Amino acid sequence: MAFKPFDLTGKVAVVTGGNGGIGLGMAEGLAAAGADVAIWGRNAGKNATALEKLKTHGGRVEALEVDVSNEEAVVDAMSESLSRLGRIDTCIANAGVGGGAPLTEQTTEQWRKVTTVNLDAVFWTFREAAKHMVARAEAGDKGGSLLVTSSVSAIHGAPQNQAYAVTKAGVLAMVRGTAVELARHGIRANAVLPGWIATEMTERLQSWDAFNEKAIGRVPMRRWGEGEDFAGIAVYFASDASKFHTGDSVVIDGGYSIF
Ligand SMILES: NC(=O)c1ccc[n+]([C@@H]2O[C@H](COP(=O)([O-])OP(=O)(O)OC[C@H]3O[C@@H](n4cnc5c(N)ncnc54)[C@H](OP(=O)(O)O)[C@@H]3O)[C@@H](O)[C@H]2O)c1
């Protein structure tokens, strides 16, 4: 029999922030590997464009207009994704925002804007997906994969970035606890830590010469990462190839962190 550990036929994935950048790269990988995919995002236009791309892979795809900073919206969207696609095998909490200010000037409002989307919403997303996965496991169908997009900011220090870094480090702790708690149901939890990736989030930095020279110039791979660089890791963690791999964090940064 052929060895096809990355075949996702029959599996269903939800990707928050799946309408662009890293999330769309992940969603495209999942769809190309045979999964049915639901993407969540706030922007209807971006959702529609991403949906057209995903449809070319031939599986069932859905786009939901969701603001993950609203707990009720996350609860409703998970239930809607489930009813449209029938089950959820993989849930990727990828939606995220940047934003910071000098520590001495940073307001609680600015802090909460980042922590609500990048941390609270990951909790709500994991919780709602896990409810379904645990119930399914208790009914005899064990398994599931939770994945979060963290950042190398969880490890590196950067000025004016405390709120963002706190959220990205916080989700690593979330992943470890979740991995231990849900392992008995065959449910895994892991994190991906991207380095510098050319997406909407980094648009300003991409056209900044000094940044390209000093930061991107020291990336051993000598380039910005792209959304599509995250297709493989999404497929791996959604697939049976990673069935004993849990509680881990994987850095994908072209070698930036180890240089
Ligand atoms: N780019 C990098 O260098 C880098 C490095 C490390 C980690 N990351 C992380 O990677 C993840 C994806 O970011 P990206 O780089 O791909 O940037 P991006 O292109 O700006 O993507 C962000 C995604 O999150 C969605 N989103 C943001 N706020 C949301 C909300 N309140 N509700 C629902 N969706 C929301 C956006 O969709 P809408 O616009 O439609 O809301 C979009 O799909 C983030 O968690 C980010 O922190 C990025």
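Normalised by 2.2 N^0.38 Å, where N is the number of residues, the C-alpha radius of gyration of the stretch 86-190 stands at 1.21. Equivalent ellipsoid of the chain: semi-axes from √(5λ) of the C-alpha gyration tensor, largest first, are 28, 20, 19 Å.
The 3J(HN,Hα) values that the Karplus relation (6.51, -1.76, 1.60; θ = phi - 60°) gives for the stretch 115-124 are, in residue order, 5, 5, 6, 7, 10, 4, 5, 5, 4, 5 Hz. Gly and Pro appear as x. Hey, with R₀ at 45 Å, roughly what FRET efficiency would Thr104 and Glu65 work out to, going by the Cβ-Cβ distance, to 0.05? Working from the Cβ atoms, E equals 0.75. Residues whose amide H falls under 5 Å from that of Trp196, counting only those 5 or more places apart or on a different chain, are Gly225, with hydrogens built in the peptide plane. Using C-alpha pairs below 8 Å separated by at least 6 residues, the relative contact order for the stretch 12-252 is 23 percent. With a Förster radius of 35 Å applied to the C-beta separation of Asp141 and Arg223, the computed FRET efficiency comes to 0.25.
Between His185, Ala169, Gly23, whose Cα lies farthest towards the positive end of the dipole of the chain when Lys and Arg beta carbons carry +1 and Asp and Glu beta carbons carry -1, centred on the Cα centre? Selected residue: His185.
Scanning residues 5 or more positions from Leu64 or on other chains, those with amide H under 5 Å from its amide H are Ile39, Trp40, Gly41, with H placed 1.01 Å from N in the peptide plane.
Distance from the Cα centroid of the stretch 181-259 to that of the stretch 76-113 is 18 Å (rounded to whole angstrom). Overall, the ratio between the Cα radius of gyration of the stretch 7-111 and 2.2 N^0.38 Å, rounded to two decimals, is 1.17. Between Ala2 and Phe211, the distance separating the two model label sites (each 7 Å from Cα on the Cα→Cβ line) works out to 4.3 nm.
Couplings 3J(HN,Hα) of the stretch 30-44, computed from phi: 5, 5, 5, 7, x, 7, 8, 9, 10, 10, 10, x, 7, 8, 4 Hz, in residue order, whole Hz [Karplus 6.51 cos²θ - 1.76 cosθ + 1.60, θ = phi - 60°; x for Gly and Pro].
Among Ala238, Ala137, Ala158, the largest mean-square fluctuation in a Gaussian network model of the chain, built with springs joining Cα atoms closer than 10 Å, belongs to Ala158. Among the listed pairs Lys11/Lys142; Lys4/Lys243; Lys4/Lys46; Lys113/Lys168; Lys53/Lys113, those whose Cα-Cα separation exceeds 23 Å are Lys4/Lys46; Lys53/Lys113. The stretch 155-204 gives an Rg/Rh value of 1.10, both radii derived from C-alpha positions and Rh following Kirkwood.
Any read-out appearing in this document is the output of simple, stated calculations on the displayed coordinates, not a laboratory observation. Treat the numbers as computed from the prediction; the structure is a model and nothing was measured. Note that we place each Cβ from the backbone using ideal geometry, even for glycine, and neighbour counts take in every protein chain shown.
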